[in-house]
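Accompanying notes for the structure given below.
A short reminder: the numbers here are calculations on the coordinates, not readings from a lab. Fair warning: this is a prediction, and the values are worked out from it, not measured in the lab. Here the Cβ positions follow ideal geometry from the backbone for every residue, glycine too, while neighbour counts run over all protein chains shown.
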Amino acid sequence: MLAYVVRRILATIPVMAVVALFVFSLLYIAPGDPAAVIAGDQATPEDVERIRASLGLDRPFLVRFGEWVIRILQGDLGVSIFTNLPVTTMIAQRIEPTLSLMVLTLILAVVVAIPMGVLAAWKQGTWIDRGVMAFAVLGFSVPVFVVGYLLAYVFALELEWLPVQGYTSFSAGFWPWLENLILPAVALGSVYIALIARITRATMLEVLSQDYIRTARAKGASQGSILFLHALKNAAVPIVTVIGIGIALLIGGAVVTESVFAIPGLGRLTVDAILRRDYPVIQGVVLLFSFIYVLVNLAIDLVYTLFDPRIRY
Amino acid sequence: MFRRDFLAGAAAAGAAGLPRFAIGQPTGSQVVRFIPHADLGILDPIVTTAYVTRIHGFLVYDTLYGVDAEFRPQPQMVEGHRIEEDGRRWVLTLREGLRFHDGERVLARDCVASIRRWAGRHPLGQELNARLAELSAPDDRTILIRLHRPYALLAEALGSPVTPCCFIMPERLAQTDSARPVGEIIGSGPFRFLAGERVQGSRFVYARNADYVPREGGEPSWTAGPKRVHVERVEWHIMPDPATAAGALQGGEVDWWETPTADLLPVLRRNRNIVVALPNPTGMMAWGRFNHLHPPFDNQRIRRALMGAINQADYMTAVTGTDRSLWRDGVGFFPPETPFASDAGLEVLRGPRDLDRVRREIEAAGYRGERVVLLGTTDVPTLAALSHVGHDMLRRAGLNVEFVATDWGTVVARRASREPPERGGWSMFFTFWTGLDNINPGVNQPIRGNGRDGWWGWATSERLEALRARWFDADDLAAQQAIAREMQAIAFEEAPTLPLGQYFQTTAHRRAITEVQQGLPVFWSLRKSG
């Protein structure tokens, strides 16, 4: 097992190298000029040219790529073209809100969606099942930003229970941290809940039709024990897989949610950097996301062994 | 019914009758929470011409002169000046008691270095450079400017609110190349920038500068007069989503939203706790800019013919809606009701639009179906509106238009290309400037004709440049106005740029905020109660 983990971690190195080359090349050929954005609309071509030269953007691709790779190997993601801040500082400032939002959304989604899916499978064909499926369809169909605006309107503007926007660090206290994240997590979680609930229902239906479930029933096992100990454990592998895939959805959804609720997270940082052509920041964030995604996949592979002892590495 | 109304109505129905709790700010807070129109990407106000950085600049830095509501320069950091040798020698004396935020005194040599850094970037500064014989600091409080030729507009230049403004910073920072941002944000203005509290893209914080000495006497007016601060702290909160910004203002989580979008104004106006105002009478000027290097817009007759296709009301309605108090049509090259606005040449914009005639004129001018590459911005609502109306106008005028819909970052990069449209170049783009930035012939770029040294599009006009040069040396305001009038008449003839109208950007703040100044968003004078 340990050897497997080490092998997988080592395998991330070429993956990250390919991602790095791909991202750098893509940004190089993509239209856009950070010097022109920095200079502003009123600047003259001469102003822009001077800024471009001062940023070193007029140097050849290979020189710039080489320098960037050397810095990355030294653990330095570079400095933002716009803000003059180290990219690591900018990411460090933004990672807590995004991680908080993702973790809270994940917890909310799992806590709500799995019981919903189990319930729907158990009560297949009843109004409960139809209700859960209707909710799932709604969750998929209504865009995150619409859910976000509705929640903000009702719970922030009308009822004044929660703030409209912003983020408070966990270090300022649990409740201030939580109150800013409840609405965004519910908004972002709506799609995720729908996804997990549907997969849980489908896999549970398959498992519940297996012989060993009938045997468990014949033995007189309680309904709860059949559903959560016998069936759910065997349905867990596809559910865990979907949860892992969903983390990519969360990263994408976080961009919208962070904008709607003005949360200073990595999603907004990425969008802002792309619009300004702030290459070092884009490269840093994409590398980080790739690394997180590789690690999440590894974690999921390892979690499989907890649910299915037949899986060995 | 609009989507937003439907959502609000549906949500309100569900929420009726449930208990309410207050979430806003604690009462008695002397913190002003402000939503600027954009993220503050660049902190150095000389490197960039971005408007948001100018607002930041007026918090942190001070200027030698300010301008009042009549657009007249007034001493600000300077006590006064003497003009000698028939206008060829200016001696400026700094006020006593000026200090930078690092505790150091503001010295004349700091001002000299700051003027040098700024002058290369500003149109009026470049004119100063062209006449400059000596710029020095004979002592700590004296700035000496010797000129080859008199420059009557020197005080106006040093106090110009046109971006980039001549902000004064310590010499050690002002010696930085003007293409590179300074490493520290140290000014002598009424607020200190708290770098430690900066969260890029989210929050910027300023604290009252307790050591700031406002001018004595007079009243604050635009960037002139005493800058008396009545709040302890100003926090900028960056909110890219207008609906979120509106919600935050309605909920009392912020105090002031600089630029509410037109579609949200009815909601804000209905709220008793919110004041919606028009702060800047010079408004915003919308422009369509041609590429003069390549066909078809290297042809003056084609450009001129398109003047007849412009319906400014269409552009302005697309930008701000049907509320006529928020825009003007029949607008020339200078903002209406400012000293250099005139009706010269405006007749081409009046009367019914005859697009058949425009098409005939374009054909007669020699148009042979060349492709017009229109760079249409999609991610800035105002520019998107201008681009779509412009696209329609060009098509109806019979031009073969390729509409390149893309983000502003791509537009600013592609417009730098001088290649022909078919080789990655372009033919036209749309933009807007604040009226201040078009206020006179000295700073107004859309009316210039300085060719390849000029603004994107590289319009060439010897007549316009000659008149501009004369404007700088005109004897008095009447003479300047006559020149500006002549320039506008020529501009309608040569059409370096299409004037598309003037609109007014509203601002919205909580009623608890009072004494909000006219002009640029500034944070002195204003008070916060409750």
Rg(Cα) / (2.2 N^0.38 Å) computed for the protein assembly as shown, rounded to two decimals
1.07
Loop by DSSP (not H, G, I, E, B), at most 11 other beta-carbon atoms within 10 Å: where is the longest site-free stretch of chain B for trypsin sites (Lys or Arg not before Pro)?
B:21-271
Charges only on Cβ, +1 for Lys and Arg, -1 for Asp and Glu: so what's the dipole of chain B about the Cα centre, in debye to the nearest 20?
760 debye
Computed over the range B:284-503, Cα set: Rg, Dmax in Å
16.4, 48
Peptide B:194-201 - average C-beta neighbours from other chains (10 Å radius):
5
Relative compactness, the range A:2-73, computed as alpha-carbon Rg over 2.2 N^0.38 Å
1.57
Residue farthest toward the positive end of the dipole of chain A, with Cβ of Lys/Arg at +1 and Asp/Glu at -1: which of A:44, A:205, A:280?
A:205
Of B:336, B:176, B:367, which is farthest towards the positive pole of the protein assembly as shown's charge dipole, taken about the Cα centre with +1 and -1 on the beta-carbons of Lys, Arg and Asp, Glu respectively?
B:367
Charges on Cβ only, +1 for Lys and Arg, -1 for Asp and Glu, centred on the Cα centroid of the range A:84-209; of A:106, A:142, A:128, which one is farthest towards the dipole's positive end?
A:128
Just tell me how shielded A:161-169 is by partners: mean number of partner chain Cβ atoms within 10 Å of each residue's Cβ, no decimals.
6
Relative contact order for chain B: what percent, with Cα pairs under 8 Å and sequence separation of 6 or more?
19 percent
If every Lys and Arg gets +1 and every Asp and Glu gets -1 at its Cβ, then about the Cα centre the range A:91-307 yields a dipole, in debye to the nearest 20, of 620 debye
Enumerate the calculated ³J(HN,Hα) couplings along the range B:302-312 in order (Karplus 6.51 cos²θ - 1.76 cosθ + 1.60, θ = phi - 60°), each rounded to whole Hz, writing x wherever the residue is Gly or Pro.
5, 4, 5, 4, 5, 4, x, 8, 6, 10, 4
Estimated dipole of the range A:2-73 in Debye, rounded to 20 [Cβ of Lys and Arg +1, of Asp and Glu -1, Cα centre]
640 debye
Can you give the three extents of the C-alpha atoms in chain A along their principal axes, from longest to shortest, in whole Å?
83, 56, 35
Of the lysine pairs in the protein assembly as shown, how many meet both conditions: Cα atoms under 27 Å apart, and a spacing of 8 or more in sequence or different chains?
4
Loop GluC sites (Glu not before Pro), the range B:157-256 (other Cβ atoms within 10 Å of the site Cβ: 12 or fewer; DSSP)
B:216
Most exposed first, judged by fewest Cβ atoms within 10 angstrom, A:28, A:4, B:367 run A:28, A:4, B:367
Projected area, mean over directions - the range A:183-304, Cα convex hull, nm²
9.0 nm²
Specify the residue with the greatest mean-square fluctuation among A:262, A:273, A:43, computed from a Gaussian network of chain A linking alpha-carbon atoms under 10 Å apart.
A:43
Which one, A:297, A:180, A:84, has the greatest fluctuation when you compute a Gaussian network model over chain A with C-alpha springs under 10 angstrom?
A:84
Using Cβ contacts closer than 10 Å as the measure, can you line up A:269, B:98, A:10 from fewest to most?
A:10, B:98, A:269
